[in-house]
Amino acid sequence: MAGGQAGTPETRPDTVCRIGEVAFKNPVVMASGTFGFGREYGSFYDLGRLGGISGKGLTLHPRPGNPGIRVYETASGMLNSVGLENPGIPAFLEQECPFWETLGTVRIVNLGGGTVQEYAEGARLIDADARIREREGRRAVDLIELNISCPNVKAGGIAYGIRTEAAREVVREVRGATILPLMVKLSPGAEDLVGMAQMCEEEGADAVSLINTVPGMKIDVRRRRSVFDNLYAGLSGPAVKPIALRMVHQVCRNVNLPVVGMGGISSAEDVLEFIMAGAEAVQVGTYNFVNVQAGAELAAGIERFMVAEGIRSLSEIRGIL
Amino acid sequence: MAGGQAGTPETRPDTVCRIGEVAFKNPVVMASGTFGFGREYGSFYDLGRLGGISGKGLTLHPRPGNPGIRVYETASGMLNSVGLENPGIPAFLEQECPFWETLGTVRIVNLGGGTVQEYAEGARLIDADARIREREGRRAVDLIELNISCPNVKAGGIAYGIRTEAAREVVREVRGATILPLMVKLSPGAEDLVGMAQMCEEEGADAVSLINTVPGMKIDVRRRRSVFDNLYAGLSGPAVKPIALRMVHQVCRNVNLPVVGMGGISSAEDVLEFIMAGAEAVQVGTYNFVNVQAGAELAAGIERFMVAEGIRSLSEIRGIL
Amino acid sequence: MAIVISNRRTAEGIYVMHAEGRFEARPGQFFMVRGWGGYPLLSRPLSVYDQDETGVKFLYKAAGEGTALLSRLRPGDDVALLGPLGNGFPLAQAQGRVALVGGGIGIAPLYYAARHLERADLYLGFSEEAYEEREFRALGHPVEINLGGIVLDTVDFDAYDTVWVCGPEPMLRAAQIKSGLSSGRADVYLSLENRMACGVGACLVCSVGSPGGRRKACVDGPVFRAGEVVLA
Amino acid sequence: MAIVISNRRTAEGIYVMHAEGRFEARPGQFFMVRGWGGYPLLSRPLSVYDQDETGVKFLYKAAGEGTALLSRLRPGDDVALLGPLGNGFPLAQAQGRVALVGGGIGIAPLYYAARHLERADLYLGFSEEAYEEREFRALGHPVEINLGGIVLDTVDFDAYDTVWVCGPEPMLRAAQIKSGLSSGRADVYLSLENRMACGVGACLVCSVGSPGGRRKACVDGPVFRAGEVVLA
Ligand SMILES: Cc1cc2nc3c(=O)[nH]c(=O)nc-3n(C[C@H](O)[C@H](O)[C@H](O)COP(=O)(O)OP(=O)(O)OC[C@H]3O[C@@H](n4cnc5c(N)ncnc54)[C@H](O)[C@@H]3O)c2cc1C
Ligand SMILES: Cc1cc2nc3c(=O)[nH]c(=O)nc-3n(C[C@H](O)[C@H](O)[C@H](O)COP(=O)(O)OP(=O)(O)OC[C@H]3O[C@@H](n4cnc5c(N)ncnc54)[C@H](O)[C@@H]3O)c2cc1C
Ligand SMILES: Cc1cc2nc3c(=O)[nH]c(=O)nc-3n(C[C@H](O)[C@H](O)[C@H](O)COP(=O)(O)O)c2cc1C
Ligand SMILES: Cc1cc2nc3c(=O)[nH]c(=O)nc-3n(C[C@H](O)[C@H](O)[C@H](O)COP(=O)(O)O)c2cc1C
Ligand code: FES
Ligand code: FES
């Protein structure tokens, strides 16, 4: 077991979480887009202390992302408009996967796309790469997280994640394109969030994660225009936590899939709230910017809480509400 | 004109806003549920300086509201679970309307209900009272704000404001029950917010207002239960502002009705953002708890901004985005 | 806006702040206090611990984020005060033998209350360490200090005409039960500490059940007759 | 966590903070600075103004909420410092005649930079009042102060081999244009002030366009060759 944590082996509480065959040593997963591919934070603590890492969102082809201002601080939150800047899946497989092979934590590829075909082809590339490595006894990717919040190029930019039937097509195609475990990341802007999650279950997803950022806006009243070239941007951070927790609770009550909850988590107590709401594990995004040690400290904090409250396994409190 | 504001008559910018025949001297309206019926704040400043007041939400019959804890502070926001505690419409008409008759500001009744019939009957009572007063040359109510976020008793507690067709019934019945101008207050939880607003336009509403509080949750991890007896509660305050502004912008782009925007407003600049997003006027809720002078200060701050920026009328900047 | 005159630590995590201004608070009233800008969002209700011509004093515990920020204010800093608010203790009814019972930081409003009474027996309970004991004793009333026990148990309600209780919720509930069981004449009042937002009666988040309908802790209270409120 | 040694106002709204710790920052590098708990959310990037064995110094302007909070820190208070971060100025390339041009608070990184150079001409522009002038002059380099004008206009790029510019965005854009027009040999570098979140290269919010693809201002910068970045 990874060192550096409190408690003797016998007293150490059981923090393992599972999505199908994939076991996370603890529920703390770093959220896509906030943790690069892990290298940057690897100099601050041992990434092996994390439950998992979801890498920066990838698309088939490289993308430059959005022009203009990309971040704006709001009350206890931030708006971002990175716009899926990424090196493309082939570059990821070549440049980052060798590093990912060395990580002692669950490795999640966050997959985006502008068309159903692009999504599916991206999934096939990742799948093919995984098979090759598998044959060589190596592994770099444990799970695909499908980000359906991407704007649908063909539907004029409306995100796939809004309408269940638009999203179904993406989930079905990607499900068919890979044998890797599949988690679908839901947007809080979904018209029917619970229906969306149920659709994922129907289509054979192994888990759902939520919430992605909440669409928000900031106007510069002096310039009389949006701060962001892209008009709207995505809100994250503590401001959204009450909303995220409620959504996670609603979804957990209505699907039989493991749910990975996120949105504004910035303390071990916050993590436990999501677990009590029914989440199998959580993701931590914006809090990394507040505290570079976020991952290690949350993982340790959860154990401390469990010891203090006499909780031997997270399953004792999961979904208690 | 109301005194106490800056600028000579000639230089004073035009801040008048309109919903049909109803003219607000400025865009600052106090939000329902945060301002009682105005009496409490009337001892801190002249309520005549406000654009308007939306009173505490009323239902046909008195309601005790929710048991248990009713407020919980979150990061830059608050969750409330008041649950429509109110004295009932008859008591309001008798006890508060004489006071409202004396107010030099737009007076809005916020109307709730658990069944379509209850809503409609409430509207009829208010309408009948207004007609009687009218005959006597008096007026206490200028506008009805229909709160469709109330839980639908018959549908097992799901709010009317989620599904457009459930809300349509309420809007139609209430529209038919009164000749008073009608504004419909939308919930951010609506499955299709823009469709909801368009429905209001179709059904003959004079305006829409948004956003009501965002459903949220808080778990007490030590007690392993929700802080609120009612499980979920409503999030308001600065935390939700980016979301509210985006929603107001989306609705303004897609309906031809005047829109009254709200959610987290706590400065004159915030008000101007909503106006630039297309709002005719705004409402201010939670900020009253931060600053008892909120209404007077925002009204003055808007004028100052307009003078500084050379804006002679709000119509110059309304919907500029 | 008021100016902080002094803000001293009087025990572990317990502070006394003196803020400048001429107020006319009655015992048992409170202020909504704010020593910061927009964050945290809500102001914090604090009882009047004492008041004189120079200003008002608060005795408070650094419990969470807001009160921790208050504890960092230094002389000369601004602090926003809204008040005095609430009904306060029913001074006129404090006849006969009077007991004031405080648990922990709940002793705060009792000092100023005791200053207004000719004679009152003070029962002050603390879980570990007593604070402001000297100040209370200097008032000249009999003071009984209880450490680590249940202060209510040391008070014989039947021996009093008037009992005012202020402390944590379990203590208020216990006092309510005790007053119901008591065969005596004691008129028992509780000072509630409901969570508040507006503090002025406009938002109803502090509402408390009572036989005669809901009451607002911020304007109809915070002091209620024990039989008058339904505690959660 | 570092401890504040001193935090003095040096001009209207301008402060110098000295924080304890042994750092090995190079000129032009910066720290993500945080003098509070959870609010405001993001840390603030501040350049290294100076550094010695006792600690690091920041010269900063109380611009908004975060820096206003920083300005209220007192000796002994905690301040969280993440860094040193970024590439810093290319000291090795600073050959021949060197000009350092700073606009307003953009002068901050130039002091520590100048300390590392044998000789540099310093051009410091201020809109109203000059600050830290004495400190800069004490470095022994020629210092030209410009008040209320356009400091860039006073610099003849063609007279230099190396020009480092730090200041508000319009000034950086002007410097970029000027360096493009310049017929000379000057190697012009700009220190960008893009908004940042993580500061360590993980979030891409500070990304800036360049002919060779996007670059991260926090790790590939904040110092870039003028021709290397596409300013908005
Ligand atoms: C009428 C009244 C008088 C009071 N007088 C005093 C006093 O004289 N001295 C003193 O130390 N305390 C007093 N309290 C309690 C005091 O208001 C809380 O300790 C304080 O609000 C906690 O704020 P925080 O930021 O430290 O804690 P947090 O936990 O960060 O507060 C979060 C939110 O919960 C509310 N809250 C938390 N605990 C309480 C509580 N016990 N009562 C009410 N609201 C709470 C806060 O106001 C805030 O909105 C009084 C409360 C009331 C209602
Ligand atoms: C690499 C780098 C070095 C810097 N060095 C210095 C320095 O030495 N001295 C100094 O006074 N200032 C410096 N700045 C600018 C400084 O970071 C901002 O003035 C500060 O972040 C403003 O924060 P605030 O809370 O006062 O303003 P607010 O307006 O409240 O800030 C809101 C948000 O916008 C960001 N922001 C606002 N203005 C700027 C800006 N100009 N640059 C970057 N982010 C901004 C803030 O970081 C915060 O996230 C530097 C910026 C960068 C990127
Ligand atoms: C700067 C930034 C970039 C993000 N990029 C992605 C992304 O590429 N793919 C994705 O699925 N989510 C992305 N997200 C969303 C986060 O993964 C997470 O869902 C969201 O921020 C809420 O969690 P938090 O409040 O803990 O940050 C991004 C968030 C931020 C702040
Ligand atoms: C304590 C409280 C009570 C409220 N009661 C009502 C109500 O009765 N009817 C209603 O339509 N909205 C009610 N609201 C919602 C507000 O009117 C407003 O829509 C919301 O708070 C967002 O605005 P804000 O962020 O400025 O507070 C209430 C809000 C709060 C905080
Ligand atoms: S706190 Fe708002 S009514 Fe009492
Ligand atoms: S600030 Fe996060 S990558 Fe530069």
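Throughout, read-outs are computed from the coordinates displayed, never taken from laboratory work. Computed from a predicted structure; not experimentally measured. All Cβ positions, glycine included, derive from the backbone under ideal geometry; neighbour counts span all protein chains shown.
Summary of computed values
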| quantity | calculated |
| --- | --- |
| In sequence order, calculated HN-Hα J values of segment A:208-220 (Karplus, 6.51, -1.76, 1.60; Hz; x Gly/Pro) | 10, 10, 6, 10, 6, 5, 8, x, x, 8, 9, 10, 8 |
| Hz values of 3J(HN,Hα) by residue in segment C:151-165 - Karplus curve (6.51, -1.76, 1.60), Gly and Pro given as x | 4, 4, 5, 8, 9, 8, 3, 5, 8, 10, 8, 9, 10, 10, 10 |
| Largest to smallest principal axis extent of the C-alpha atoms in chain C, angstrom | 51, 41, 31 |
| Other-chain or far-sequence residues with amide H under 5 Å of C:A2's (modelled H) | C:V79, C:A80, C:L81 |
| Three semi-axes of the equivalent ellipsoid, segment A:97-150, Cα gyration tensor, whole Å, largest first | 22, 13, 7 |
| Anisotropy class of segment A:4-139 from Cα gyration tensor, a/c 1.5 cut | oblate |
| Partner chain coverage, peptide B:210-222 - average Cβ within 10 angstrom | 5 |
| Hypothetical label at A:F44: residues of segment A:63-80 whose amide nitrogen lies under 17 Å (7 Å Cα-Cβ projection) | A:78 |
| Long-range Cα-Cα pairs in the protein assembly as shown (distance over 48 Å), rounded percent | 34 percent |
| Cα centroid of segment B:251-288 to Cα centroid of segment D:8-24, whole Å | 41 Å |
| Compactness relative to 2.2 N^0.38 Å, alpha carbon Rg of segment D:91-228 | 1.03 |
| Cβ neighbours within 10 Å from other chains - mean over B:226-239 | 4 |
| Segment A:10-59 and segment B:72-124: distance between their alpha carbon centers, rounded to Å | 48 Å |
| Segments C:132-144, A:202-214 sorted - mean Cβ within 10 Å per residue, highest first | A:202-214, C:132-144 |
| Residue of chain C nearest the C-to-D rotation axis [by Cβ], rounded angstrom distance | C:Y39, 2 |
| Residues in segment C:80-112 that a label on C:E169 would reach, taking backbone N under 19 Å of a point 7 Å out along Cα→Cβ | C:103-107 |
| Cα-projected label distance for B:E202 with C:R9, points at 7 Å along beta-carbon direction, nm | 6.6 nm |
| Whether segment C:2-85 is rounded, prolate or oblate, judged on the alpha carbon gyration tensor where a/c under 1.5 counts as rounded | rounded |
| Calculated FRET value between A:E101 and A:A155, using beta carbons and R₀ = 45 Å, to 0.05 | 0.75 |
| Exam field: C:E24 pseudo-label spacings to other copies (7 Å along Cα-Cβ), nanometres | 7.0 |
| Other protein chain Cβ atoms within 10 Å, averaged over every residue that makes up B:26-39 | 2 |
| Euclidean distance between Cα centres, segment D:33-108 to segment A:170-236, Å | 37 Å |
| Other-copy label distances relative to A:G319, 7 angstrom Cα-Cβ extension, nm | 4.9 |
| Label geometry 7 Å along the beta-carbon vector: A:E191 inter-copy distances in nm | 0.7 |
| Angle between chain D longest axis and helix D:169-181 axis [Cα atoms, degrees, rounded to 10] | 20 degrees |
| Residues whose placed amide H lies under 5 Å from that of C:V230, excluding near-sequence neighbours | C:G209, C:S210 |
| Three-way shape call for segment A:179-316 based on the alpha-carbon gyration tensor, with the a/c threshold at 1.5 | oblate |
| Length-normalised contact order for segment D:91-228 - Cα pairs under 8 Å, 6+ apart - percent | 22 percent |
| Descending Cα extents along the principal axes, chain A, whole Å | 57, 52, 40 |
